[in-house]
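Structure, as structure tokens:
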Amino acid sequence: MGISHSISKLNRKKAERLGEIAKHNDAIKRLRQEIKKIDAVMRMVDAGVDVDAVKPVRTRTPLFRRGELLHLVLVVLKESGRPMTRTAIAAVLEARRSDGRDLHKHVKACTKRHMLNGVFRIVGREPNGEHLYEIMPFERPVRDDRPPRPKLILLGKS
């Protein structure tokens with residue numbers, strides 16, 4: 001009974017992977033057609049151009065916009081109302097996202113960077129040794145060393 005169930009799950013997983021391969025093969029075919037069109041245009045503009053000399057460049061799609069991960073981590077910590085580990089923060093964020101990506105290394109980098117900037121602080125450790133993080137309380141500095149502002153005197157008015 002268990003073997004047939006396992007086989008059916010493996011069949012489904014294999015079928016999904018084959019579908020992904022077919023989808024990516026279609027995308028590769030489309031991209032190759034686009035490259036041929038670009039090469040043709042390059043040759044029309046300059047007949048002596050070496051189109052094979054162009055090297056591929058990897059593009060990187062960022063997971064988060066600038067400051068977005070910090071905002072999400074701050075929201076998670078505020079909503080929890082208690083200090084949390086990086087693993088717990090990453091687990092909450094992964095549950096909220098639909099792409100299923102592992103965010104632990106991103107949360108680790110975010111907390112490390114912003115701990116140095118004074119956004120987070122370590123307040124303890126879990127029994128497994130992980131640090132507990134909380135948001136640093138914000139206190140506006142009071143500056144009493146400034147001289148008083150001079151009074152504004154308007155000229156030409158009586």
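Quick check: is even one residue across segment 67-87 at pLDDT 90 or above, exposed (fewer than 10 other Cβ atoms within 10 Å of the Cβ) and among the hydrophobic types (A, V, I, L, M, F, W, C)? No, that holds for no residue. Does K55 satisfy being more than 23 Å from D99 (Cα to Cα) and within 31 Å of the chain's Cα centre (by Cα)? Spelling it out, K55 is indeed more than 23 Å from D99 (Cα to Cα) and within 31 Å of the chain's Cα centre (by Cα). Scanning segment 97-111 for residues that are surrounded by fewer than 16 Cβ atoms within 10 Å (Cβ to Cβ) and either at pLDDT below 90 or not in a helix (DSSP H, G or I) (or both) returns R97, S98, D99, G100, R101, D102. Restricting V75, V57 to those that are assigned to a loop (DSSP other than H, G, I, E, B), out of contact with any Phe, Trp or Tyr (no Cβ under 9 Å at 6 or more places or on another chain) and farther than 14 Å from K105 by Cα reduces the list to V57. Apart from one condition, V49 fits all of (1) exposed (fewer than 10 other Cβ atoms within 10 Å of the Cβ); (2) in contact with a Lys or Arg (Cβ under 9 Å, 6 or more places away or on another chain); the exception is (1). Against the condition of a type in the set (G, A, S), free of Cβ contacts under 8 Å to residues at least 24 places away in the same chain, more than 30 Å from R97 (Cβ to Cβ) and out of contact with any helix residue (DSSP H, G or I) (no Cβ under 7 Å at 6 or more places or on another chain), how does A47 come out, does it pass? Criteria met by A47. Read through the list (1) modelled with pLDDT under 90; (2) among the acidic types (D, E); (3) surrounded by 11 or more Cβ atoms within 10 Å (Cβ to Cβ), then give the number of the only condition that E139 fails. Just one mismatch for E139, condition (3).
The values are calculated or read from the model by the stated rules, or taken from the named source; none is laboratory data. If you're wondering where the values come from, they're calculated on a predicted model, not measured in any experiment. All Cβ positions, even for glycine, are placed from backbone atoms using ideal geometry, and neighbour counts span all protein chains on display.
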